[in-house]
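Everything on this sheet refers to the single structure shown next.
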Amino acid sequence: MELRITKSELTSAVLDVLRVLPAKAVTPILGGILIEADFASVSFSAFDYERSLTVSASADVSTPDRVLVSGKLLAGIAKVLPAKPVTLKVDGQALVITAGATRFTLPLMPVEDFPHLPKPDEPSGTIDARVLIDAIERAASAAGKDETLPMLSGIKIETVGTAITFASTDRFRMSCHTTEWAPGVADSELSVLVGAAEMSDLAKALTETDEVTLHFGDGTLSVTTARSTATIRLLDCEFPKFRQLFPAEYGTVVSVETSQLSDALNRTTVMQGGAPHVLLDMSEKGIRVHLESEGTGTVAEWIEANVYGDDVEIKTNAQYLRQALAATRDDMVTLGIVKDNRPFLVHPGTLTSPDMHMPFSAPESEYRHLVMPVRK
């Protein structure tokens, strides 16, 4: 192998692929990055049997070949190379990496031992990259981190015609984002469960200008662009029936400026002393955010808000609510409360009409987030 590539192309491709490498590889081979060059381009791939990622880059290839080297070492080298054209050349049992006066050598790993990369299934439809990134980031905000409970650490993806929904829950909150895509078959209905961490890593490797093709396969979800091909093994477990958990109506509706509520929650956490909970009193006066911490002190703040319906006080996890507010990505946010002991709804925007009759109907929203209150 011998090729020339820009430092930026090399670094971008290698760092994206690095996300797929396992922190502790079961075998050394799975800690490698496969480099495959033909006369048109070069690609960098990683695979750990759960997911794979291949990223292509432009290069001037004079000698095509495929080699395998340590992924972490290659990434470390790519980051510190000078901003000059980079040459990759096989010399015996080593890959020589040269940029200006800087020269590294990496020992080759046995490329024949690297597992075959999975191939994507037939295309199922396309989606704009920015839309997909937003959907993944919003859904991941409520996903659990415990991989021993895969149904709570995944993102449920469902399609009905041109609507595609991304949902997740960790039992204490639930995120649901519905947007549009272009299915290959009209009126098709698809449903898969994939790891939230894997989908988050994938989102970071996408660029906003990409057009993304989704491939719903038997056991895998593949995501392809002109630059990259990713496959993720599906989680084989049952996701909770989430749609029925969202209330159809609620007795109290609150519209508030997102930044005001988020800032108040941030100030309250100073007094938490390890307890993440905060009280929200909602009445015609607005929202009173307060906390009494035994042995630490108290904090209270009034926020201007439009409150309609019954006065109510809820106790909730401040971090969960802050994350829900951030995921709305709107200057205004609406809270819908059924009762103080029932999950409350967070969705972007404000009330369309303050003259609605009680109980208030829950509006259809592109993004909805449920937060479980804390028992008082």
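The values are calculated or read from the model by the stated rules, or taken from the named source; none is laboratory data. All values derive from a computational prediction rather than experimental measurement. Ideal geometry is used to build each Cβ from the backbone, glycine not excepted, and the neighbour counts take in all protein chains shown. Note: areas computed on protein heavy atoms with side chains; ligands, DNA, RNA excluded. Shrake-Rupley method; radii C 1.70, N 1.55, O 1.52, S 1.80 Å.
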Worksheet, complete the sentence: With Cα springs under 10 Å, the Gaussian network model of the chain assigns the largest mean-square fluctuation among Arg19, Arg243, Arg138 to Arg243
Discussion item. Using only the alpha-carbon atoms, how far is helix 129-140 inclined from the longest principal axis of the chain? Give it as 0 to 90 degrees, nearest 10.
Written reply: 60 degrees
Practice prompt. With a 1.4 Å probe and every protein chain kept in, tell me what percent of the accessible surface of the chain is carbon plus sulfur.
Written response: 50 percent
Worksheet item: Can you give the charge dipole size of region 142-234 about its Cα centre, rounded to the nearest 20 debye, using +1 on the beta carbon of Lys and Arg and -1 on the beta carbon of Asp and Glu?
Response: 280 debye
Worksheet item: Tell me, what does the Kirkwood hydrodynamic radius of region 113-165 come to in angstroms if you use every pair of distinct C-alpha atoms?
Response: 13.8 Å
Worksheet item: What dipole magnitude, in Debye to the nearest 20, does the chain give about its Cα centre under +1 on Lys/Arg Cβ and -1 on Asp/Glu Cβ?
Response: 1120 debye
Worksheet item: Any idea what angle helix 318-328 forms with the longest principal axis of the chain, computed on alpha-carbon atoms, 0 to 90 degrees, nearest 10?
Response: 70 degrees
Item to complete: Evaluate the distance, in nm, between pseudo-label points positioned 7 Å from the Cα of Arg267 and of Met151 along their respective Cα→Cβ axes.
Response: 4.3 nm
Worksheet item: Once amide H atoms are placed 1.01 Å from N in the peptide plane, what residues at a sequence separation of 5 or more from Ser124, or on another chain, have their amide H within under 5 Å of its amide H?
Response: Leu214, His215, Phe216
Worksheet item: Can you pick out the pairs among Lys145/Lys339; Lys156/Lys339; Lys119/Lys204 whose Cα atoms lie more than 25 Å from each other?
Response: Lys145/Lys339; Lys156/Lys339
Discussion item. Using +1 at the C-beta of Lys and Arg and -1 at the C-beta of Asp and Glu, which of Ile77, Thr6, Ile337 has the Cα lying farthest in the positive direction of the dipole of the chain?
Written reply: Ile77
Worksheet item: Share of Cα-Cα pairs in region 63-220 beyond 22 Å, in percent?
Response: 57 percent
Discussion item. Rounding to the nearest 10 and keeping the result within 0 to 90°, find how far the Cα-based axis of helix 71-80 lies from the longest principal axis of the chain.
Written reply: 90 degrees
Worksheet item: Using modelled backbone amide H atoms (1.01 Å from N, in-plane), which distant-in-sequence or interchain residues come within less than 5 Å of Thr105's amide H?
Response: Ile97
Worksheet item: How many Å² of accessible area per residue for the chain, probe 1.4 Å?
Response: 48 Å²
Worksheet item: Got a sec? Which residues in region 221-260 would a label at Ser191 touch, if it sits 7 Å along Cα→Cβ and we count backbone N under 11 Å?
Response: 238-243
Worksheet item: Per residue, what volume in Å³ does the convex hull of the Cα atoms of region 143-193 enclose?
Response: 65 Å³
Discussion item. Bins of 5 Å, beginning at zero and ending with the bin holding the largest distance: percent of Cα pairs per bin for region 178-312, please.
Written reply: 2, 8, 12, 11, 11, 10, 10, 12, 13, 9, 3, 1, 0
Worksheet item: Around Met332, which amide H atoms from residues at least 5 apart in sequence, or from another chain, sit under 5 Å from its own amide H, with H modelled in the peptide plane?
Response: Thr258, Gly349
Discussion item. Restricted to Cα positions, what overall size does the chain have along the principal axes? Three whole-Å values, descending.
Written reply: 77, 54, 34
Worksheet item: Toward the positive end of the charge dipole of region 91-132, about the Cα centre and with charges on Cβ (Lys, Arg +1; Asp, Glu -1), which of Gly100, Val131, Pro110 goes farthest?
Response: Gly100
Fill in: Fully extended contour minus Cα-Cα distance, from Val26 to Ala300, at 0.36 nm per residue
93.5 nm
Worksheet item: For labels at Asp330 and Glu257 in the simple 7 Å Cα→Cβ model, what's the distance in nm?
Response: 1.7 nm
